[in-house]
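Scroll down for the structure; my scribbles are underneath it.
The values are calculated or read from the model by the stated rules, or taken from the named source; none is laboratory data. From a predicted model like this one, the values you see are computed outputs, not experimental measurements. Heads up, the Cβs are rebuilt from the backbone with ideal geometry, glycines too, and the neighbour counts pull from every protein chain shown. All accessible areas refer to the heavy atoms of the entire protein, side chains included, with ligands and DNA or RNA removed. Shrake-Rupley method; radii C 1.70, N 1.55, O 1.52, S 1.80 Å.
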Amino acid sequence: MSAVAIVLIAFALILLSTGLGLLLRYRLPERHLSGDSKEVIKLATALVGTMSALVIALLFASTRASYEATGSQISQLTANVIELDRILKGVGEEGAALRHLLREDVKTLADSIWQSEAGNSTKAVAEEIGVVGKLRQLVTQDPQGVWQARALAASTALAQIQLSLQSHPSDSMSKPFVFLLILWLCFIFATFAMSSAPNATLLCVLFFCALSAASAIYLILELGQPFDGLMQVPSAPLRNALPPL
């Protein structure tokens, strides 16, 4: 399920719980919403509200750090691709063939990472970069080859980052955890609605607060899937890193 669908469901559930709270306001006896009962409800709501705020803040910080780290890996991957291409450019005909292979590998690599942009219904298969295997063969045949050793070092670093990115989960957020957070927010908004007689100002404030809470969940979910959604790490720098031969 996409982040947008989850957030729309969360927003609807929060509004539904708010409506339920307004309904309970008139159905419950007055003694249940006044005196000591009112104070206990306030304390319970404050406790759950503090827990929710703390969890949202920690989740946002964690997913933001993970998103930025992934973006840095993509930048390093792009730099390694450009470095490898420049090394091969200084070689003769053998290097030109490897540069052609490198361009094919970069396209396959980008499709395997950004599977939503692969352009077909089947997922791209994560395989070893072909140019890495070719360079290993060259180094084995000619251990004294300086350019082969430099190119192999750059391509090995490229392959390591590839494996790190492809082992990254497509969605690092646990759905049961998100459901629990939504449940807490529903409880909070239901008790808010029960605490006062409804009026236009109260309803507007509750609506925009619910929208803000749903937006916070959306940001967390989007940052948790860096290769999909509206806030994904752009693939253009890697795809356009190498000019055509």
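Some observations on this one:
- Given [x] 1.23; [y] 1.27; [z] 1.03, the label whose value is Rg/Rh (Cα atoms, Kirkwood Rh) derived from this model: [x]
- Residue-span extension gain [His32 to Phe208] - 0.36 nm each, minus C-alpha spacing: 60.6 nm
- Accessible-area ranking of Leu185, Leu23, largest first, probe 1.4 Å: Leu23, Leu185
- Close Lys-Lys pairs in the chain, where close means Cα under 20 Å and separation is 8 or more or interchain: 4
- Among Pro243, Ala65, Val91 - extreme Cα towards positive end, dipole of the chain, charges at beta-carbon: Ala65
- Sorting Arg136, Arg239, Arg86 on solvent-accessible area from highest to lowest, probe radius 1.4 Å, gives Arg86, Arg136, Arg239.
- Net charge of Cβ neighbours under 14 Å - reference Lys38; Lys, Arg +1; Asp, Glu -1: 0
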